[in-house]
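These notes are about the structure you will find just below.
The values are calculated or read from the model by the stated rules, or taken from the named source; none is laboratory data. Remember, it's a predicted structure, so these values are computed and weren't measured experimentally. Cβ coordinates were reconstructed from backbone atoms using ideal geometry, including for glycine residues, and neighbour counts include every protein chain displayed. With ligands, DNA and RNA removed, areas are computed over all heavy atoms of the protein, side chains included. Shrake-Rupley method; radii C 1.70, N 1.55, O 1.52, S 1.80 Å.
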Amino acid sequence: MRYLFFICLVFCYITNINAQRQPWQGKFEPIDNMIAAPNSYRTASGAPGEAYWQQRADYKIKVVLDESQNTITGQETITYYNNSPDDLSYLWIQLEQNVNQKGNEDFGNFNNSLKDGMTTRQMQFLTRAIEFPAGYSISYIKDSHGKAMTSLVNNTMMKVVLDTPLKSGESLTFSIGWSYPITDRSLFFLSREGYEYFPGDDNTVYLIAHWFPRMAVYNDTEGWQNQQFQRLGEFALEFGDYQVDITVPEDHIVAATGTLKNPEVVLSKTQQNRMEKARSSFDKPVMIVTREEAETNEKTKSKTQKTWQFTAKNVRDFAFASSRKFIWDAQAVKLPTNTVMAMSFYPKEGLPVWQEESTKAIKNALEVYSEATFDYPYPVAISVNTSNVGMEFPMISFNGGRPKNGKMTQNAKAGMISTIVHEVGHNWFPMIVSSDERKWMWMDEGLNTFLHQRTIAERYPDFNSTTPQSIVPFMTGDKNILRPIMTTSDNELLTQFGANFYQKPTVGLQMLRHSIIGKELFDAAFKEYANRWKYKHPNPADLFRTLEDATATDLDWFFRGWFFTTDHVDMELTEVKWFKVYEVGQNIEHQKQNIQMKVEMDEPAATAADFSSGPEVIKMNTTPDQAYGGYLSRLDEDELRQQLSGKNIYEISLKNIGGLVMPVTIEWHYTDGSSEIDRLPADIWRKNEYEVKRTFIKTKEVKAVKLDPNFEFADTDMSNNSFPKVVTASQFDRFKAKQSND
Ligand SMILES: [Zn+2]
C-alpha cells in the first residue's frame, strides 16, 4: 500500500515539474521573514501584547492669534509620562512649522525642473522667490521649577536634554514659549494649514494646525520616531488630554478640537439657544451663525479680543480654525453609544452647497464608520471649508470645494462631499487607530479610503466610487517607477502616492471583503483590528496578522503579492477544451448523429479557437482491480458512468501572466442563453504559479467562457479573458478614452 502511494506521489510530482516553465517563487510561502517578529509587545495574533506600553503627553496651551501681524504666540505646559521600560536622557519635540523655513526647500520633494510656461505658483514652490520668515521662535524651555532646559534644533525636530534621565514609570512637566508667522497657504507647496485672505471683504480665514511644539512618539519599534517632516509623510503623535485657551479678535468664530468650555462668554445668548436646539435636532442642521450675521461680522473688524476655552480628552493632536467670516451650522447624530454634534463652518463663498451638504456628509461618515469599527467616541465632528486640499485632525478637518458663482458641477460636488467624508473618516485612522503616518502613509490613507469609498457607495450611489477596476491603470504602469505599497511615505513619488497609498490598499481590502474572505468574516476581522488598536500605535504586521487571526484564512500570499510587490493581475484563459466521454461498446455512430462530434483517439487535438468543431471524445476505461490495492470499498463504476453520460466536460487552461496569484472567477455562457459562475480559490496556484488546468462537468452546452467577468480582481488585460477570443478594447484603453472625455 505504501509502495503504491509512493508511486502516485512521484508520478504527480513529475507531472507538475514538467508543467512549470518558470522558477518557483514561493508565492504562498509565509511572510514571517518580511514583517517584524512578534514579541511581548505585539503578539503573533496581531493584538497588543501583555507588555505593550505607550507614552502619553498632556498639554495646557494658551495661544493668541494676532490678526494684524498674522502671527500666533503660545505658551504651553507639557506633562510627559514615560510608560516605557526605558530611562530617557533626552526628549524629542516636533517643530513642523520649521519645514517652511528658507533653507529647507529640499525637504519638499517638489520636482526640481524648470519648464517654459510654468505658472508663477509652480515657480514660487521651486524657488521661494517671495521670501517669508517662516518657522518657530522659541522664547523659553523651562522645567517645572522655572529652570531653563537645554535644547538643540535639527530642522523640524528639537531635542530637549534632561539633567537627570526621566526614569521608566515617571513623568515630567515642562513649558515652552514660542511664536511663528502664520503662512499664506498659497505660497507653500503641499501646505495643510495657514491663512487664506479674501480681498473682497478684507478678511482672513485661519486654519491653524501642527502649530504647537508636540512630543514625538517613542515606542517599541522605532525608539524615538524623530524622522524629519518632509511634507509627504505626515504625523506620528502620542495621546493625551488637552486644555487650550485660544485668544482671537472678539468678532471671530472659532472651531476647534474638543468641547467648548465657556459658551456663555464667547457666544451670544441667541447662539447659545440655537446650540441647545441643535443638540436635539437629529434630522437637519440648525444655523448657529447665519449668513446675514456672518456678513455683518465681516464688517466689524473688532480690535478687542476674547478667549475661547476648549478641552479634549484622549486625542493625539489639536487644531482650530478662526475667522469672522464663518457661517456655522450644527446638528446631532445619534450613535448607539454616543451622541455627536456634527458641525460645519464656512465663509459665504461656500454657499449654498456647504450649507446643504457638509454636515450631512459628516453624519453619513459618522454612521458608516461607526458601524464598521467602533462608535465615534468624541463630542464633536467638524468640517471647515477651505480653498483646496482636505486635511484631517482630531474632531476637525479642513475641506476644499467651493462653488463658482454659487454653482457647482456634479463632479465638483461629488469631490467636495467625498473629501468631507474622507477627512471626517480620518478620525478613526489615524486619529484613534494611531498608526505611524510618517512611516506608513498607506496604513491610515488606505484603510480610511476603503471605508470612505464604502460610505460613498452606500450613501451616495450616484457618485463614482473606487472599485478594483479603478486601480488597473496604475497597476499597468512602468515597473521601473512603481513601488510596492510597503514603501515608506517619503520615498513615494508625488505622482504616485494617491494610487499607491490610497487606492491600491483600498482595492486590496475590497477584494478581501467581497471576493477572498467574504463580507461577514472580513467585516468582523476589520472591526477586530480597529478595536484592538484604538488609542494605540499599530504596525503593518499587526494588521496583517489580525486579518488572518480573525478569519482563519491564510492571506500571506495576498499580502506578499499585493503589498510587497508591484506585480499585477493578468489571468489568461489560454484554452477551453470540450469533451464527451466515449464508452467502449457505446453506439458512437448514434451519438454522432445527434451532435457534431470529432473523434481523435490517438492524436492530441489541435488547439481549437472556439467550440464549433464539437466535443472531443475521450474513452473512459474500467479501473483495473489492482489500482484499488487493499481497499475493500470500490468506486461504483456504473454510477460514475451514469453521472457522466451525455454531460459536457470542459478542461480550462489558465496562465498567470501578471505575476499575482489570485482567485479565478469563471463565467459560463450556455447555448440556451443562461449563464453561471464558478469560483476557484487562489490556492489553485500553489503547485504551479504560472499555469493550471481545471475540469468542470456541465449539463448544458457552453457557448463562451469569461474570466473575472465582474472585474473583481483588477485584471489588467481583459482581452485574454475570453474563450472564444473576443476582440475588445482593453480596460486601460477604455480608461484612457474615458479620461479624455471627462
Ligand atoms: Zn487622507
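Restricting to region 374-393, and then to whatever is in a loop (DSSP other than H, G, I, E, B) and either within 16 Å of the ligand (Cβ to nearest atom) or in contact with a Leu (Cβ under 6 Å, 6 or more places away or on another chain) (or both), can you tell me which residue is nearest to A330 (Cα to Cα)? Talk me through it step by step, then tell me what you get.
First, the residues of region 374-393 that are in a loop (DSSP other than H, G, I, E, B): 374-379, 387-389.
Adding the requirement that they be either within 16 Å of the ligand (Cβ to nearest atom) or in contact with a Leu (Cβ under 6 Å, 6 or more places away or on another chain) (or both) leaves 375-376, 388-389.
On the way: D375: 19, Y376: 17, N388: 23, V389: 23 Å.
Ranking the qualifying residues of region 374-393, first place goes to Y376.
State all residues of region 473-496 that are in a loop (DSSP other than H, G, I, E, B), within 16 Å of the ligand (Cβ to nearest atom) and either of a type in the set (G, A, S) or closer than 18 Å to Q510 by Cα (or both); if no residue qualifies, say none. Let's see the steps before the verdict.
Residues of region 473-496 that are in a loop (DSSP other than H, G, I, E, B), as a first pass: 476-488, 492-496.
If we keep only those that are within 16 Å of the ligand (Cβ to nearest atom) as well, we get 485, 492, 494, 496.
I485 - this is the single residue of region 473-496 that is in a loop (DSSP other than H, G, I, E, B), within 16 Å of the ligand (Cβ to nearest atom) and either of a type in the set (G, A, S) or closer than 18 Å to Q510 by Cα (or both).
Which residue pairs have Cβ atoms closer than 7 Å, lie 6 or more positions apart in sequence or on different chains, and pair a first residue in region 625-639 that is more than 16 Å from V581 (Cβ to Cβ) with a second residue that is assigned to a loop (DSSP other than H, G, I, E, B) and of a type in the set (A, V, I, L, M, F, W, C)?
What qualifies is G629/M1; G630/M1.
Looking at E520, E528 in this structure, which one is without any contact (Cβ under 8 Å) to a residue 12 or more places away in the chain, assigned to a helix (DSSP H, G or I) and either within 15 Å of L447 (Cβ to Cβ) or open to solvent by 50 Å² or more (accessible area, probe 1.4 Å) (or both)?
It is E520.
Of the conditions (1) small (G, A, S); (2) over 25 Å from D375 (Cα atoms); (3) within 16 Å of the ligand (Cβ to nearest atom), S470 clears all except one; give me its number.
Failing condition for S470: (3).
Residues in region 342-362 that are buried (at least 23 other Cβ atoms within 10 Å of the Cβ) and not aromatic (F, W, Y): how many? Don't jump to the end; show me each part of the working.
The initial filter retains those residues of region 342-362 that are buried (at least 23 other Cβ atoms within 10 Å of the Cβ), namely 342-347, 350, 354, 358-359, 361-362.
The next check asks that each one be not aromatic (F, W, Y); those that pass are 342-344, 347, 350, 358-359, 361-362.
Number of matching residues: 9.
Of the numbered conditions (1) closer than 19 Å to L509 by Cα; (2) in contact with a Leu (Cβ under 7 Å, 6 or more places away or on another chain); (3) surrounded by fewer than 15 Cβ atoms within 10 Å (Cβ to Cβ), T665 satisfies every one except a single condition; which is it?
(3)
Taking interchain pairs and intrachain pairs at least six residues apart, which have beta carbon atoms under 6 angstrom, with the first residue in region 373-396 and at positive phi and the second within 16 Å of the ligand (Cβ to nearest atom) and outside any strand (DSSP E or B)?
From region 373-396, no pairs qualify.
Please specify each residue of region 379-430 satisfying the condition of being hydroxyl-bearing (S, T, Y), open to solvent by less than 10 Å² (accessible area, probe 1.4 Å) and within 22 Å of the chain's Cα centre (by Cα).
Residues of region 379-430 that are hydroxyl-bearing (S, T, Y), as a first pass: 383, 386-387, 397, 409, 418-419.
Applying the additional criterion that residues be open to solvent by less than 10 Å² (accessible area, probe 1.4 Å) yields 383, 386, 397.
Hits for region 379-430 are S383, S397.
In region 569-609, which residues are in a loop (DSSP other than H, G, I, E, B) and modelled with pLDDT of 90 or more? Even if it seems obvious, please write down each step before you answer.
Our first condition is that a residue be in a loop (DSSP other than H, G, I, E, B); within region 569-609, this holds for 570, 583-587, 595-597, 599-609.
Passing the criteria: only D570.
In region 637-648, what residues are over 54 Å from the mean Cα position of the chain (by Cα) and surrounded by 10 or more Cβ atoms within 10 Å (Cβ to Cβ)?
Just the residues of region 637-648 that are over 54 Å from the mean Cα position of the chain (by Cα), to begin with: 637-638.
Once the filter is applied, which keeps residues that are over 54 Å from the mean Cα position of the chain (by Cα) and surrounded by 10 or more Cβ atoms within 10 Å (Cβ to Cβ), region 637-648 yields only E637.
Name the residue that is farthest from F559 (Cα to Cα), counting only residues in region 420-440 that are within 9 Å of the ligand (Cβ to nearest atom) and not in a loop (DSSP other than H, G, I, E, B).
Applying the filter and picking the extreme gives E423.
Yes or no: D317 at pLDDT 95 or above and more than 24 Å from K407 (Cα to Cα)? Working first, answer last.
Working: at pLDDT 95 or above: yes; more than 24 Å from K407 (Cα to Cα): yes.
Yes; evaluated as a whole, the condition is true for this residue.
Considering every residue within region 128-140, establish whether at least one is closer than 20 Å to V244 by Cβ and free of Cβ contacts under 8 Å to residues at least 40 places away in the same chain.
Yes, region 128-140 contains at least one residue that is closer than 20 Å to V244 by Cβ and free of Cβ contacts under 8 Å to residues at least 40 places away in the same chain.
Give the residue, chosen from F450, F398, that is more than 21 Å from V217 (Cβ to Cβ), within 14 Å of the ligand (Cβ to nearest atom), part of a strand (DSSP E or B) and aromatic (F, W, Y).
On the way: F450 fails: part of a strand (DSSP E or B).
Matching residue, one of F450, F398: F398.
Restricting to region 364-378, name every residue that is open to solvent by less than 50 Å² (accessible area, probe 1.4 Å) and not β-branched (V, I, T).
Going through region 364-378, the residues open to solvent by less than 50 Å² (accessible area, probe 1.4 Å) turn out to be 364-370, 372-376, 378.
Passing the criteria: N364, A365, L366, E367, Y369, S370, A372, F374, D375, Y376, Y378.
For region 69-102, enumerate the residues that are small (G, A, S) and closer than 24 Å to V205 by Cα. Even if it seems obvious, please write down each step before you answer.
Initial filter on region 69-102 (small (G, A, S)): 74, 84, 89.
G74, the sole residue that qualifies.
State which residue is modelled with the highest pLDDT when the search covers only region 162-211 and only residues that are buried (at least 16 other Cβ atoms within 10 Å of the Cβ) and assigned to a helix (DSSP H, G or I).
R185
Any residue at all in region 96-110 that is outside any loop (DSSP other than H, G, I, E, B), β-branched (V, I, T) and surrounded by 15 or more Cβ atoms within 10 Å (Cβ to Cβ)? Write out each step before concluding.
The first filter runs over region 96-110 and keeps only residues outside any loop (DSSP other than H, G, I, E, B), leaving 96-100, 105-108.
If we keep only those that are β-branched (V, I, T) as well, we get 99.
From what is left, the residues that are surrounded by 15 or more Cβ atoms within 10 Å (Cβ to Cβ) are 99.
The answer is yes; a qualifying residue exists.
Under the condition of being crowded, with 20+ Cβ neighbours inside 10 Å and of a type in the set (A, V, I, L, M), which residue from region 62-87 is nearest to L162 (Cα to Cα)?
My answer is I78.
Does V380 fit the bill of being modelled with pLDDT under 95, in contact with a strand residue (DSSP E or B) (Cβ under 6 Å, 6 or more places away or on another chain) and aliphatic (A, V, I, L, M)? Steps first, please.
Values: modelled with pLDDT under 95: no; in contact with a strand residue (DSSP E or B) (Cβ under 6 Å, 6 or more places away or on another chain): yes; aliphatic (A, V, I, L, M): yes.
When the stated conditions are applied, V380 does not pass them.
Here are some conditions: (1) open to solvent by less than 30 Å² (accessible area, probe 1.4 Å); (2) of a type outside the set (V, I, T); (3) over 23 Å from S435 (Cα atoms); (4) in contact with a Gly (Cβ under 9 Å, 6 or more places away or on another chain). M215 meets all but one. Which one does it not meet?
(3)
So that you can scan it fast, the table gives a plain yes or no per residue for (1) outside any loop (DSSP other than H, G, I, E, B); (2) within 20 Å of A236 (Cα to Cα):
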{"residue": "S84", "(1), (2)": "no, yes"}
{"residue": "W92", "(1), (2)": "yes, yes"}
{"residue": "L114", "(1), (2)": "no, no"}
{"residue": "M118", "(1), (2)": "no, no"}
{"residue": "M123", "(1), (2)": "yes, no"}
{"residue": "K142", "(1), (2)": "yes, no"}
{"residue": "H145", "(1), (2)": "no, no"}
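Name the single residue, out of those in region 117-172 being of a type in the set (S, T, N, Q) and touching a helix residue (DSSP H, G or I) at 6+ places or on another chain (Cβ under 7 Å), that is nearest to Q94 (Cα to Cα). Reasoning before the result, please.
Looking only at region 117-172, we keep the residues that are of a type in the set (S, T, N, Q), and these are 119-120, 122, 124, 127, 137, 139, 144, 150-151, 154-156, 164, 168, 171.
Still in the running and touching a helix residue (DSSP H, G or I) at 6+ places or on another chain (Cβ under 7 Å): 124, 155-156.
Values: Q124: 26, N155: 9, T156: 6 Å.
In this case the residue turns out to be T156.
Output the residues belonging to region 20-60 that are open to solvent by less than 30 Å² (accessible area, probe 1.4 Å), touching a Gly at 6+ places or on another chain (Cβ under 7 Å) and assigned to a loop (DSSP other than H, G, I, E, B).
K27
Answer yes if at least one residue in region 454-465 is open to solvent by 20 Å² or more (accessible area, probe 1.4 Å), within 16 Å of the ligand (Cβ to nearest atom), over 16 Å from the mean Cα position of the chain (by Cα) and modelled with pLDDT of 95 or more, and no otherwise. Even if it seems obvious, please write down each step before you answer.
At the first step, the residues of region 454-465 found to be open to solvent by 20 Å² or more (accessible area, probe 1.4 Å) are 454, 457-465.
Now drop any that are not within 16 Å of the ligand (Cβ to nearest atom), which leaves 454, 465.
From what is left, the residues that are over 16 Å from the mean Cα position of the chain (by Cα) are none.
There is no residue in region 454-465 that is open to solvent by 20 Å² or more (accessible area, probe 1.4 Å), within 16 Å of the ligand (Cβ to nearest atom), over 16 Å from the mean Cα position of the chain (by Cα) and modelled with pLDDT of 95 or more.
Residues are listed down the side, and each one gets a yes or a no for (1) surrounded by fewer than 19 Cβ atoms within 10 Å (Cβ to Cβ); (2) more than 31 Å from the chain's Cα centre (by Cα):
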position: P263; (1), (2): yes, yes
position: A278; (1), (2): no, yes
position: N297; (1), (2): no, yes
position: T304; (1), (2): yes, yes
position: W308; (1), (2): no, yes
position: T339; (1), (2): yes, no
